[in-house]
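What follows is a short report on a single structure.
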Amino acid sequence: MTSAKRGFVNSLWNFFCSLKLTIFLLIGLAASSIIGTVIPQNAPFEQYQKLYSDSAIRVFSALNFFDMYHSLWFLLLLYFLTLNILACTFKRWPRDWKIFTEPTLVMDENMEKSLSLVRHCKMSGSPAAIRDKMESLLRSRFAAPVVTEAEGGFHLFAQKGMYSRLGVYVLHLSIIIVFLGAIIGKNFGIEKAYINLEEGQETSVAYKTVLSKNKANIAAQPESHVIDLGFTVRCEKFTVSFYENGMPKEFKSILTIKDNGKTVIDKRPVIVNAPLTYKGITLYQANYGPAGNPVFHLAAREGKDGARTKITASQGEKVSLPDGSSLQVLDYTDDIRPFIPQISGPAVRVELFPKTGEPQTLLLLKNYPEFDEHRGGQFILTYDSIDQKWWTGLQVSKDPGVWVVWFGCALMVAGICMAFFLSHKRIWVRIEDGRVSMAGAANKNQPAFQALFDGLAEKLKKEAGG
């Protein structure tokens, strides 16, 4: 390899090992997360038209801000951060591997000068006896030492928490695994796809609306992608209940799942925060709405105590009354309170066409059947009930990378604990000519290690005094 090529490779290696690159990438990912939170992702095109101007939509679409987490530039940030982590790991690993496999067992004078915690004392007795005392002291108060005889004396080496040095590698690995899980989920999962089913309908596909650029690259346009579920979903029934103020209290879908023609989940209720999951695909209750024209059940009664005639009418349909007149249901509401605060309950607005005279617009209240008596007509009209079919909106979600992400998160917690709460503590002892030199070092939490070391030094002084 020529010097020019070697210089380029070294520059590239130093670039990926750079802490500045790490900080830049982390800031970029943080800014991207803020953008992805502020700008709705993969929302319906109509929502973007309400929120932004046409020029803003053009710019955001060109930058892939509407589907940012699938954009090339966001994935490049993840890839570069992964390469940065791997480069830093490989650069650091040889030194730590040597510490694991080839620990320094003998402390010479040069090494002693490089350590900040050093204690000396004189002890009487033979070198072997002193060695046995120090070995017993280290074994009982710290860790079992390795004894080496060299340079005319005995050397003892003991260590604890050696594997805490792996914490940073576990942390690096966890970040890469989380990224890998996120990429798997984004590329092989299902996100923000929807199913709309009327009661009694079934389907085996979901639809996802995404934004794509037109040929002129002027503005984003919505496109619908069909997603095969691999099984059939049937809406058996949908129910909705309301609070007194008219707000929905609970809406619930009764779903049946069929796989290869066999019923595998039968009539399972799905409500908000209680989804249904099958084959890794989760169905969430998202929204609902009326399906088709409702059918109203009214009644016409001749006087207060007269015969009661039932009337069935669809919205917009004109039906005849017993006296030859007719009526037509114009519209309805589930709660009249927003319009008339003094009363509550369902109401319909009908137009009455008498045999002679001008048409009349009437309000019929379900909770107040006597309300039409004040009109003074031949027939008293009442509103009994409504038959309304509903459609249910289900959000479809699948994330095959979620367990990879959870595994990465568990590794991250373990790596953080190893990296920040554990330390590699080492103690060397040199015995020569009745003189004992003890030194120690820790890669983290120096105050706690110094307290431990000072305790050993005090014990050593007592042994020397004895």
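Listed values, structure above:
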| read-out | value |
| --- | --- |
| Charge tally in the Cβ shell below 14 Å around Pro290, where Lys, Arg are +1 and Asp, Glu are -1, Pro290 excluded | -4 |
| Along the chain, longest interval not containing exposed GluC sites (Glu not before Pro), exposed being DSSP loop plus at most 16 other Cβ atoms within 10 Å | 1-150 |
| The range 111-209: relative contact order as a whole-number percent, Cα under 8 Å and 6+ apart | 13 percent |
| Pairwise FRET efficiency - Lys389 versus Leu26, Cβ, R0 = 60 Å, nearest 0.05 | 0.70 |
| Evaluated at q = 0.07, 0.14 Å⁻¹: base-10 log I(q)/I(0), Debye formula over Cα of the chain | -0.69, -1.28 |
| Approximate spin-label separation Thr203-Asp454, in nm, with each point projected 7 Å along Cα-to-Cβ | 7.2 nm |
| Pairwise FRET efficiency - Arg92 versus Ser126, Cβ, R0 = 56 Å, nearest 0.05 | 0.80 |
| Stretchable slack from Ser241 to Lys160, in nm (0.36 nm times residue separation minus alpha-carbon distance) | 22.8 nm |
| Within the chain, longest stretch clear of exposed trypsin sites (Lys or Arg not before Pro) (DSSP loop, no more than 14 other Cβ within 10 Å) | 1-214 |
| Above-threshold pairs, the threshold being 29 Å between Cα atoms, out of Lys249/Lys304; Lys91/Lys398; Lys98/Lys461; Lys262/Lys398; Lys113/Lys459; Lys192/Lys279 | Lys249/Lys304; Lys91/Lys398; Lys98/Lys461 |
| Pairwise FRET efficiency - His297 versus Ile34, Cβ, R0 = 60 Å, nearest 0.05 | 0.65 |
| Dipole of the range 283-336, positive end: most advanced residue of Ala300, Gln328, Tyr284 [Cβ charges, Cα centre] | Ala300 |
| Local electrostatic count, Asp387, Cβ distance below 15 Å [Lys/Arg +1, Asp/Glu -1] | -1 |
| Translational diffusion coefficient (Stokes-Einstein; Kirkwood radius from C-alpha pairs) of the range 12-93 at 4 °C, 1.567 mPa s, in µm²/s | 90 µm²/s |
| Loop-exposed chymotrypsin sites (Phe, Trp or Tyr not before Pro) per DSSP, neighbour cap 11 Cβ within 10 angstrom, longest uninterrupted part of the chain | 1-242 |
| On Cα atoms only, tilt of 3-16 relative to the major axis of the chain in degrees | 60 degrees |
| Under the Karplus curve 6.51 cos²θ - 1.76 cosθ + 1.60, θ = phi - 60°, whole-Hz ³J(HN,Hα) for the range 379-384, x wherever Gly or Pro sits | 10, 9, 9, 10, 10, 9 |
| Mean separation of Cα contacts under 8 Å (6+ apart) over length of the chain, as relative contact order % | 21 percent |
| Cα long-axis angle, helix 72-101 against the chain (0 to 90 degrees, to the nearest 10) | 30 degrees |
| Theoretical ellipticity at 222 nm over the chain - DSSP helices of four or more residues, -39500 (n - 2.57) apiece, nearest 500 | -11500 deg cm²/dmol |
| Spin-label model distance (nm) - Phe8 vs Asp108, 7 Å beyond Cα toward Cβ | 4.3 nm |
| Spin-label pair Gln49/His374, simplified geometry with 7 Å Cα→Cβ offset, distance in nm | 4.3 nm |
| Computed lengthening from Ile99 to Ala62, 0.36 nm per intervening residue step minus Cα-Cα distance | 8.2 nm |
| Dmax and Rg, reported as Rg then Dmax, of the range 109-155 (C-alpha, Å) | 11.8, 29 |
| Largest-first principal axis extents, alpha carbons of the range 249-394, Å | 65, 36, 27 |
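Every read-out reported here was derived from the displayed coordinates using simple, explicitly stated rules and does not represent laboratory data. Since the structure is predicted, the reported quantities are computational estimates derived from the model, not experimental observations. Every residue, glycine among them, receives a Cβ derived from its backbone with ideal geometry; neighbour counts consider all protein chains shown.
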